[in-house]
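Worksheet for the structure shown next.
Since every read-out is calculated from the coordinates, none of them should be taken as a lab result. Since we're looking at a predicted model, the values are computed, not measured. As a convention, Cβ positions derive from the backbone with ideal geometry for all residues, glycine included, and neighbour counts pool all protein chains shown.
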Amino acid sequence: MSNQIFRDSDSDRQFSASWFTGRVFVYSILLLWAFICLFPIYWTITTSFKMAPDVMKGNIIPWVDFTPKWLGWRSLGLSPETIGIESTVREEFLKRFWNSAIVSVCSSILAVGLGSCAAYGLSRFNYRFGFMRNSDISFFFLSQLILPPVVLALPFLVLYKSLNLLDTRIGLILLYTLTVLPIVIWIMRDQFSSIPTELEEAALVDGLSVWGAFTTIIMPIALPGMVAAFILSLVLTWNEYFFAALLTSSHAKTLPVMVASQTGSQGISWWSMAALSFAAILPLIVIAIILERYIIKGMAAGAVK
Amino acid sequence: MSIEEGDKLHVVTADDISNNKKRLGKFLVWGSALILSFTLLIQALDTNAVLTIGLETWRPSLYAYVLWAFCLCASQVLTRGEHGKRVLFVLPAALFVISMVVFPLLFGLVIAFSDWNLSSPDGRTFNGWDNVRQMWVDPFYWNALKNMVWYTLVIILEYTVAFGLAILLNSQIRGRKFFRVAFLLPLMLSPVAVSWMIGKSMLEIRFGPISRFLRWLASEPSTDLPSLLYYPGMYIADLAQWFGWASPSFFGSAGIARAMIMAMDAWTFIPFMMIMILAGLQAIPRELYEASEVDGASKWRQFLEITFPLMLPVSITAVLIRIIFKLKLADIIINITSGGPGGATDSVTSFIFREYRDRSNVGYGTLLAIVYLVIIVIAMTVLIKLADRWMKPRY
């Protein structure tokens, strides 16, 4: 055998070793954090299929530690045996689910509609409302973000009581629209300012009105941004608890309020709480997995100029 | 309301608006305003029992207001033509926000200076500065404010973790999509569900997996183990026992309970900062790193001289928004500890929530909220000014 002629220099071999440890380090941290993020969700899913002894013994892995049972889902009326028959719990759950869905979707649509128009106007035209210029108007909208919900909660409670809007979906929709509007305006202003004004100028020369140019030319281009804003609003409004807890009681109660009210009463029957919690977070988990791109785009919009 | 010369979008429009249209527009606004004020007057008289129509709610006034708002928008187009159409972009949102924020805030100010308990039959009476005096000596409110300072300070830690994760995600790794989705998921979960999933079940003392794990760490390793594993096991067990993990309790003592709330809130919101920082990292041009590598800079040096300074604006935005969200922190606290033990975990929001929920004390609660708002506005203004000054010299 001949001697090896070409060999890596010592520094190169060191580099390879340090590169390898670096990789291990990076992946172990990433995996650790992924575990931290996913374990509570995994825990909730598996717990919803557990029975009392499994909970007490702390069994974690299905089919190895314990055999999954539909106990938790049966208490919600959503297991295979009970799905066909009448169930008051399921009806209650579906009603809350439906309330949450309507309230969050409607308020997000309203916020994206109002917010996109305002953001477009602010990015294209100069306004003067009294002493307020464009930057002041923008600041006025964005400053609503600072407003903590407690400040509005009690006045709204009294106001809604006198307007007969307490415990109605409309009341919640209006309030939620208000809370997400600044975020929508923030995202959309960024979107519109990245679209060149030449597009509208050309459209206007060709005889479209300002609103025509907005709806037919600009909106399709800004659609991804609008989807991002919509999803972010959806997340925030679906999860909202504070206003819903104060302003709704029996008719318009949303899902988080139902989950919260069950937490205390259920004691150790974790399986049903787990099923309920999981049902409450499932829609957003699905949305996150499918539309992750848009969510990240929406949140990144304001960050990078 | 007028549009200045020098629009960002340069359009010249020939508006000739007939006098009839102008008159119609004016008529619409003033007519609907008249209807609105008339309705308000009737309702006010009715509630003060001067008139007896027996209106049950203030709904008619609401409808009159909506009508007025519509007429105002319509008249903008009628009287001002093309310019009016442009105003129409911002006007609906502005009217909406003003009516939803300014009126309730003014109303809140009135409530704040009155003695009003919803459960007492007396109704509302002005009590001047009594609520302020009560607030001044209310130890729980000051305690809640102090807690908010702690909660806000933890953001520095959250920011560090988020920055680290963003750098790792931005490096050359496989399965980036998986990690991104996994890291994003906590943000999607409702705080109420999280407070059950983690606070009430995973941190449960007897059966929760985390307390189980801690107890396992604190237990003496079995003597069958080879000594290579046995001695480290003993050491870990001693250490864990020293931490009191043999019988872990998460919401018993003030410090640990607060730390747990902080950890749960951080868990849900770290993805938020991480994504903003990640977007910033991806916007840094590659050439800068290549150039610095040619100049022989180490990784650490690159981070200090390129990444961190360039990320400063993004970081400040992310931290400021995080602070704003943190100041609203309540859901987790309400659902897990409801402020306990002894108010150690109370945030201002959760404290006022209980003030209302348990004691129906609307007047006092609203005053506390308004004071909180004033403090926040002052603090945020100072912070934003400081951030501006900080960022300037870097450019």
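Quick look at the numbers
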item	result
Karplus-derived 3J(HN,Hα), 6.51/-1.76/1.60, for each residue of the range A:89-104, Hz, glycine and proline x	5, 5, 4, 4, 4, 5, 4, 5, 4, 5, 4, 4, 4, 4, 4, 6
Long-range HN-HN contacts of B:Ser114 with modeled amide H, under 5 Å	B:Asn127
Helix-derived mean residue ellipticity, 222 nm - over chain B, DSSP H n ≥ 4, -39500 (n - 2.57), to 500	-22500 deg cm²/dmol
Cα→Cβ-extended label distance, 7 Å offset, between B:Asp238 and B:Arg174, nm	4.2
Helix-only CD estimate at 222 nm, as mean residue ellipticity for chain A, using -39500 (n - 2.57) per DSSP H run (n ≥ 4)	-24000 deg cm²/dmol
Dipole moment magnitude, nearest 20 debye, the protein assembly as shown about Cα centre, only Lys, Arg, Asp, Glu C-beta charged	220
Chain A, dipole about Cα centre (Lys/Arg Cβ +1, Asp/Glu Cβ -1), debye to the nearest 20	460
Per-residue Cβ neighbour rank within 10 angstrom, fewest leading, A:Trp63, A:Trp98, B:Trp150, A:Trp19	A:Trp63, A:Trp19, A:Trp98, B:Trp150
Cα convex hull of the range B:321-368, projected area averaged across orientations, nm²	3.6
Under 18 Å from the Cα of B:Lys21 - aspartates and glutamates, other chains or at least 8 residues apart	B:Glu82
Selected from B:Leu228, B:Leu168, B:Leu278 as most flexible by GNM, with chain B as the system and alpha-carbon contacts under 10 Å	B:Leu228
Rel. contact order, % - alpha carbon contacts under 8 angstrom, at least six apart, chain A	26
Estimated vicinal HN-Hα couplings, Hz - the range B:325-336 in sequence order (Karplus 6.51, -1.76, 1.60; Gly, Pro = x)	5, 5, 5, 9, 3, 7, 3, 5, 5, 4, 7, 9
Where labels lie 7 Å past Cα in the beta-carbon direction, separation of A:Val64 and B:Val110 in nm	6.5
Set of lysines with alpha-carbon distance to B:Lys177 below 19 Å, sequence-local pairs under 8 removed	A:Lys297
24 Å Cα-Cα reach of A:Lys57 towards lysines, excluding residues that sit fewer than 8 places from it in its own chain	A:Lys69, B:Lys200
Listed residues A:Ser104, A:Trp63, B:Leu239: farthest to the positive end of the dipole of the protein assembly as shown (Cβ charges)	A:Ser104
Length-normalised contact order of chain B in % [C-alpha pairs under 8 Å, at least 6 apart]	21
Long-range amide H partners of B:Leu189 with built H, under 5 Å	none
Unsatisfied cross-links (Cα-Cα over 24 Å) in the set A:Lys95/B:Lys328; B:Lys26/B:Lys85; B:Lys22/B:Lys85	A:Lys95/B:Lys328
Relative contact order (%) - the range B:262-348, alpha-carbon pairs under 8 angstrom, separation at least six	28
Cβ-derived FRET efficiency at R0 30 Å, A:Leu31 paired with B:Tyr230, nearest 0.05	0.60
Spacing of the two label points (7 Å from each Cα toward its C-beta) at B:Phe140 and A:Gln262, in nm	3.0
Local net charge near B:Ser75, Cβ-Cβ under 10 Å (Lys/Arg +1, Asp/Glu -1)	+4
Estimated FRET transfer efficiency when R0 is 25 angstrom, pair B:Leu118-B:Val66 (beta carbons, to 0.05)	0.35
Vicinal HN-Hα couplings computed from phi for the range B:340-354 (Karplus, 6.51 cos²θ - 1.76 cosθ + 1.60; Hz; Gly/Pro x)	x, x, x, x, 5, 9, 4, 9, 4, 4, 5, 5, 5, 4, 6
Förster-model FRET efficiency, 60 Å R0, B:Thr57 and B:Thr381, C-beta, rounded to 0.05	0.95
Rg in Å to one decimal, and Dmax rounded to a whole Å, for chain B via C-alpha atoms	29.3, 100
